[in-house]
Amino acid sequence: MTTVGSHNNGDVVAMNGPCTAPIAMDQAPTTTSQEIISDDATRAIDGHEEDPPHTPIIVVEKDEDAPPLPWWYPRIRGKPLFYGNQEALGWACTVVANSGISLGIGIFVVPAALELAKKEAGCATEVPEGMDEIPECYGEVYGVKPTSFFTVISTIVGLAAAFVIPLAGALVDYTPHRRLLGRIFSFAFTILILAPAFLNEQTWFVVSIVIMVNLVISMAQGMLFNAYLPELTDNEDRLNEFSRTFTILSFSSIVLFLGIVMGIGAGLGITGDSVAVARLSAIVAFCFSSVLFYASWGLLFQERPAAHELPQGQWLLSAGFRQVYRTTIKIQKHYHGLKWFFLSLCVGDAAVQSLTLLAITYVSDQLEFNSTEVVLASALVIISTIPGALVGAVFNRWVNPIRSSALSVLGFFILTPLWALVASGPGDQNVTYFWCFLFGFFTGWKYTGDRVLVSAILPEGQDAELMGMYSFCGYVFSWAPTLLFTVINEAGESQRLGLVSLDIFFGAALIAYCMMGDYSVAVRIADRLKIDTCTVNQEEDEEPEEGEEGASTADDNV
């Protein structure tokens with residue numbers, strides 16, 4: 001079979017069969033590879049014909065028609081960042097401000113507010129004279145233990161996000177206001193992030209409620225900028241590079257944020273006061289997010305038209321939930337791999353997101369970490385995401401993004417109960433630091449694999465609809481792990497058991513990845529990426545049976 005390809009210099013040549021030398025264009029047939037790919041994808045979906053082995057896909061660049069870069073666009077050694085892709089730079093700025101700053105400020109605010117909640121409940125926050133450790137707290141604040149307060153907050157945020165994100169998805173799908181909504185949400189997020197600057201014994205509850213509202217805004221905004229992700233490029237190598245860079249930037253920015261806050265705190269002599277440091281972190285976060293959100297939503301992201309017209313007789317308020325239902329049915333019928341990937345996100349992302357809050361609660365209460373030790377443990381988590389992202393990018397190419405993400409989840413599945421076993425009380429700081437490094441490593445690995453995977457297997461032309469579903473799945477069950485932990489904690493059971501309960505979700509995510517099927521078939525069905533399947537298919541000796549739509553056994557995938 002002969003298809004059209006492209007060398008690095010941009011010259012178009014024809015490839016006479018997979019993995020062979022190029023031939024002259026005047027010898028190539030007139031049928032384009034895009035027609036071949038589209039026909040193959042259609043047959044794979046309909047189940048009418050077995051997918052032909054080793055179908056090559058063209059390699060192209062997507063930057064030829066990009067608008068000219070403004071004078072202020074950052075460059076390194078004369079070369080523009082992200083190959084001059086303005087929206088890729090905007091995505092990087094937004095993910096740093098949205099995810100990085102949110103996590104960074106939480107590292108300071110949660111331990112400080114937990115300390116104030118314990119004081120209001122009448123619990124000791126320091127080791128009493130003549131004792132070796134802080135006594136167990138049996139007091140309550142607003143009807144729950146202080147250690148359950150923020151897990152309750154997280155549960156409420158997760159439930160609220162399950163309702164807010166479909167509405168935000170409808171606004172993206174049925175209106176041309178994606179960028180306008182991003183500007184509104186980013187402005188609200190930036191203003192509300194100042195709330196911890198007023199944290200004290202009288203305001204801690206109100207500040208906690210404001211933080212809860214801001215987290216919901218952050219999740220809705222995440223749905224908006226995620227919609228741009230599959231539109232950045234159709235080159236898998238470049239997409240893999242972008243994803244790796246986004247992961248490294250989002251977590252390395254937290255290290256920078258922690259360093260700035262602790263450096264200023266040391267200069268002011270307040271590092272021993274967790275509440276004062278939390279106030280300082282809010283001011284620094286406000287400065288960071290103001291600049292980054294202005295750059296991304298104000299200058300870099302472009303407008304998008306409505307993806308669909310609102311059906312007659314439907315309200316926009318209900319259209320998002322109807323769309324979630326219709327999209328779920330369509331994925332169930334036609335996209336085997338995408339179905340299991342979204343299911344893995346529902347449970348896997350819920351566990352990863354909850355692990356951060358549960359770990360901060362556990363080390364602050366059970367291991368009696370002070371604010372400096374919490375920051376050090378968090379910094380180790382964040383720093384280790386960088387080598388994790390690099391390893392994840394290598395595994396994306398070495399095996400494929402499905403197997404790569406599955407391996408990262410397997411790491412969480414093994415490490416979480418082991419940490420609960422070996423770190424049981426005060427004095428286990430060193431072993432906890434080591435485990436924090438490992439948790440961060442697998443976090444960077446997972447996010448790198450998932451971002452490449454979702455951008456590779458989303459069907460062409462359905463970006464807004466399915467990226468909305470991607471965001472929805474990432475948050476829809478985020479309340480479940482924290483709710484389970486709260487129930488265990490309120491029942492008087494050990495918080496170690498609450499940590500182990502996360503394996504329910506990691507195990508379910510691992511099974512879902514194993515059920516996804518063959519990666520190259522999922523990509524061809526999506527008809528999206530222009531990748532060199534000579535590399536993708538090197539280790540594949542057999543194609544799926546006719547009508548299986550890419551399904552295969554778990555042993556073939558992990």
Could you derive backbone 3J(HN,Hα) for the range 482-492 from the dihedral phi with the Karplus parameters 6.51, -1.76 and 1.60 (θ = phi - 60°), listing whole Hz in sequence and x where the residue is Gly or Pro? 5, 5, 5, 4, 4, 4, 5, 5, 5, 6, x
Which value results for Rg/Rh of the range 74-233 when Rg is the Cα radius of gyration and Rh the Kirkwood radius based on the inverse mean 1/r? 1.11
According to a simple spin-label model (label point 7 Å from Cα along Cα-to-Cβ), what is the distance in nm between LEU81 and ASP273? 3.5 nm
Would you mind getting the accessible area per residue of the range 419-521, heavy atoms of the protein chains only, 1.4 Å probe, in Å²? 30 Å²
Which of LYS330/LYS446; LYS339/LYS446; LYS118/LYS446 exceed 29 Å between C-alpha atoms? The answer is LYS118/LYS446
Report the gain in length on full extension from LEU418 to LEU390: 0.36 nm times residue separation, minus Cα-Cα distance, nm rounded to one decimal. 7.6 nm
For the range 375-486, with all protein chains present and a 1.4 Å probe, just round the carbon and sulfur fraction of the accessible area to a whole percent. 75 percent
Quick one: which residues, 5 or more positions from MET515 or on another chain, have an amide H under 5 Å from its amide H? H modelled 1.01 Å from N in the peptide plane, none for Pro or chain starts. none
Square roots of five times the Cα gyration tensor eigenvalues for the range 199-356, Å: 37, 21, 18
Which shape class applies to the range 273-369: rounded if a/c is under 1.5, otherwise prolate when a/b exceeds b/c and oblate if not, where a ≥ b ≥ c are the square roots of the Cα gyration tensor eigenvalues? oblate
Rounded, prolate or oblate (a/c below 1.5 giving rounded, otherwise prolate when a/b exceeds b/c) for the range 149-284 by Cα gyration tensor: oblate
With all protein chains present and a 1.4 Å probe, how do LYS145, LYS446 order by accessible area, largest first? LYS145, LYS446
Tell me, Kirkwood radius of the range 176-233 from alpha-carbon pair distances, in Å? 12.6 Å
Once phi for every residue in the range 209-218 is put through the Karplus expression 6.51 cos²θ - 1.76 cosθ + 1.60 (θ = phi - 60°), the whole-Hz ³J(HN,Hα) values, with Gly and Pro written as x, are 5, 4, 4, 4, 4, 5, 5, 5, 4, 4
Tell me the label-point distance for the pair LEU316, THR328, using the 7 Å Cα-to-Cβ offset, in nm and rounded to one decimal. 2.4 nm
Pull out the extension gain between TRP72 and ALA197, defined as 0.36 nm times the separation in residues minus the alpha carbon to alpha carbon distance; nm, one decimal. 41.7 nm
I'd like the Karplus ³J(HN,Hα) series for the range 405-421: coefficients 6.51, -1.76, 1.60, θ = phi - 60°, whole numbers in Hz, and an x wherever there's a Gly or Pro. 5, 4, 5, 5, 5, 4, x, 4, 4, 7, 6, 4, x, 5, 5, 4, 7
Using a Förster distance of 35 Å, the FRET efficiency for GLN429-ILE209 (Cβ separation, nearest 0.05): 0.60
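The values are calculated or read from the model by the stated rules, or taken from the named source; none is laboratory data. None of these values were measured; they are calculated from a predicted model. Positions of Cβ are generated from backbone atoms using ideal geometry, with glycine treated the same way; all protein chains shown enter the neighbour counts. Accessible surface areas use protein heavy atoms only, side chains included; no ligands, DNA or RNA. Shrake-Rupley method; radii C 1.70, N 1.55, O 1.52, S 1.80 Å.
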